[in-house]
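For reference, the structure discussed in these notes is given below.
The values are calculated or read from the model by the stated rules, or taken from the named source; none is laboratory data. Just so it is clear, the structure is predicted and the values come from calculations on it, not from any experiment. No Cβ is skipped: glycine too gets one built from the backbone with ideal geometry, and neighbour counts run over all protein chains shown. When the accessible area is computed, the model is the full protein with side chains, heavy atoms only, and any ligands, DNA or RNA have been set aside. Shrake-Rupley method; radii C 1.70, N 1.55, O 1.52, S 1.80 Å.
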Amino acid sequence: MTCRNYKDLMMAYLDNEVDDEQRKAFEEHLASCPQCTQELKEFEKLKQLTDNVKLIEPEDRIWQQYWGNVYNRVERSLGWILFSVAAILLTIYGGFELIENIIKDQTVGMLLKIALLVLIAGLAILFVSVLRERVYFWKKDRYRNVRR
Amino acid sequence: MGSFCEDETIAMWGCRSSSKEAFEAIVKRHMKDAYFIALGLVGNHEDALELSQEAFFRAYRNIKQLSSKGKFFPWFYQILRNLCFSHLRKRRLRQADSLDEFQENNIQVQAHDTFDPGVVAERNEDKDRIWKAIGQLDEKHREVIILRHFRNLSYEEISKILFCNTGTVTSRLYYARKRLKEILDREGPRLAGSQKGGR
């Protein structure tokens, strides 16, 4: 084995993740390799210092409120979905009512009526185009059924 | 960390039929791991709390994507790390924008100034420097350091949640520590603790 192979073993040795056989082989290599011995010493110092860094445990209040905060997100997302669906339905209904009134209104000029119809036709084409694109890419997505 | 225990899968089945009680049990079991991993990845308390809770919310919403034999935590970890890394990228973009503004006024901005040493217990100069240096590691190196040093996971456990083999974990740890040492050496005099000697 070369020094490069032992470098991989060095981390496992440092973190006590080696079996007896690997430990023996590595220690034999260390006895004959001053570079690896020096590098191991430096890593040991670094590990010791890094292990000394502990993170502050947040107050109990944070943990007591934790699930409540997650639950609020779940509940609010349902609220937002219902709100959005209702808003879309009401907007469509209101839009149709408005258009119907304008079309039927004799006092509104023909040019405005045509512009309105063209606007609706444009929106419909855009909507269908985007929808078709999404469906096309969804069908082509090879990973859509991948589950872990 | 009880991430790989059998009863977790049983509780998970409850979640798959939208049982909030079962999901509550999972959240309470893993909230500390989630928070501390997020803290290690993003570097400050507020973002870590927000991102870890958001990850649980997304996990609940997508729990049906988890196959029946899948363990919760490795799957959840992917959601959490993606959220954290995405947050960091947005933060870097914001910093880059503000850096342009500050440079016009000749003000220096540290690239990783949001990695807050205030979250480190019993602070001293060495610990602050190490924490800041961890903040300067790239993402895949930082995550192995966090999982190994701050959550005390074995190589086997790290390999399960990173979906790689233990050889890759060993190799990443080697380069992560090497890089960490380079950053510390570059950024100032030798650390006080490192002069005390080895084993």
* Structure fact -> The simple spin-label model distance between A:ARG76 and A:PHE96, using points 7 Å out along Cα→Cβ, in nm, is 3.4 nm
* To do: Check cross-link reach from A:LYS104 to the lysines: straight Cα distance under 25 Å, and skip same-chain residues fewer than eight apart.
  => A:LYS113
* Structure fact -> Karplus ³J(HN,Hα) for the stretch A:40-53 (6.51 cos²θ - 1.76 cosθ + 1.60, θ = phi - 60°; Hz, whole; x = Gly/Pro) runs 4, 4, 5, 5, 5, 5, 5, 4, 4, 5, 5, 5, 6, 7
* Asked: Whose amide H sits under 5 Å from the amide H of B:VAL120, counting only residues 5 or more places off or on another chain, with H placed in the peptide plane?
  -> A:ILE56
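What quantity of accessible surface, computed with a 1.4 Å probe and excluding non-protein components, is buried in total between chains A and B, in Å² to the nearest 100? Don't skip to the end; give the middle numbers.
Values: alone 13690 and 11800 Å², together 20850 Å².
The buried area between A and B, both sides summed, comes to about 4600 Å².
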* Structure fact -> Pseudo-spin-label distance A:ASP51 to B:ASN152, built 7 Å along Cα→Cβ, given in nm, is 1.1 nm
* Structure fact -> Rounded to the nearest 10, the angle in degrees between the Cα long axis of helix A:3-14 and the longest principal axis of the Cα atoms of chain A comes to 80 degrees
* To do: Counting only heavy atoms of the protein chains, get the accessible area per residue of chain A (1.4 Å probe) and round it to a whole Å² value.
  => 76 Å²
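Packing-wise, with mean Cβ within 10 Å as the measure, how do B:148-159, A:125-136 rank, highest first?
On the way: B:148-159: 18.4, A:125-136: 10.0.
Ranking, from highest mean packing down: B:148-159, A:125-136.
Can you list which of the GluC sites (Glu not before Pro) found in the stretch A:1-92 are DSSP loop residues with at most 10 other C-beta atoms within 10 Å? Don't skip to the end; give the middle numbers.
Working: sites: A:GLU17, A:GLU21, A:GLU27, A:GLU28, A:GLU39, A:GLU42, A:GLU44, A:GLU59, A:GLU75; in loops: A:GLU17, A:GLU59.
Sites meeting the loop and neighbour criteria: A:GLU59.
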* Per-residue HN-Hα couplings for the stretch B:26-34, Karplus 6.51 cos²θ - 1.76 cosθ + 1.60 at θ = phi - 60°, whole Hz, x for Gly and Pro? -> 5, 4, 5, 6, 10, 4, 5, 4, 4
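Holding the Cα-Cα limit at 29 Å, pick out from A:LYS7/B:LYS132; A:LYS140/B:LYS28; B:LYS20/B:LYS71; B:LYS20/B:LYS90; A:LYS7/A:LYS54 the pairs that are longer than that. Could you put the intermediate results ahead of the total?
Numbers: A:LYS7/B:LYS132 26 Å; A:LYS140/B:LYS28 39 Å; B:LYS20/B:LYS71 18 Å; B:LYS20/B:LYS90 32 Å; A:LYS7/A:LYS54 27 Å.
Correct reply: A:LYS140/B:LYS28; B:LYS20/B:LYS90.
May I ask you to compute the full-extension gain from A:ILE125 to A:LYS41, defined as 0.36 nm times their residue separation minus their alpha-carbon distance, rounded to one decimal in nm?
Working: separation 84, 0.36 × 84 = 30.24 nm, distance 6.93 nm.
Difference between extended and current length: 23.3 nm.
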* With θ set to phi - 60°, apply the Karplus curve 6.51 cos²θ - 1.76 cosθ + 1.60 along the stretch A:75-85 and write out the HN-Hα couplings as whole Hz, x wherever there is a Gly or Pro. => 5, 5, 5, 5, x, 5, 5, 4, 4, 5, 4
* To do: Which order do the peptides A:52-58, B:43-49 take when ranked by the mean count of other beta-carbon atoms within 10 Å per residue, highest first?
  => B:43-49, A:52-58
* **B:GLN78-B:TYR175 pseudo-label distance in nm [points 7 Å out on the Cα-to-Cβ vector]** => 2.2 nm
* Would you work out the relative contact order for chain A, in percent, from Cα pairs under 8 angstrom that are 6 or more residues apart? => 11 percent
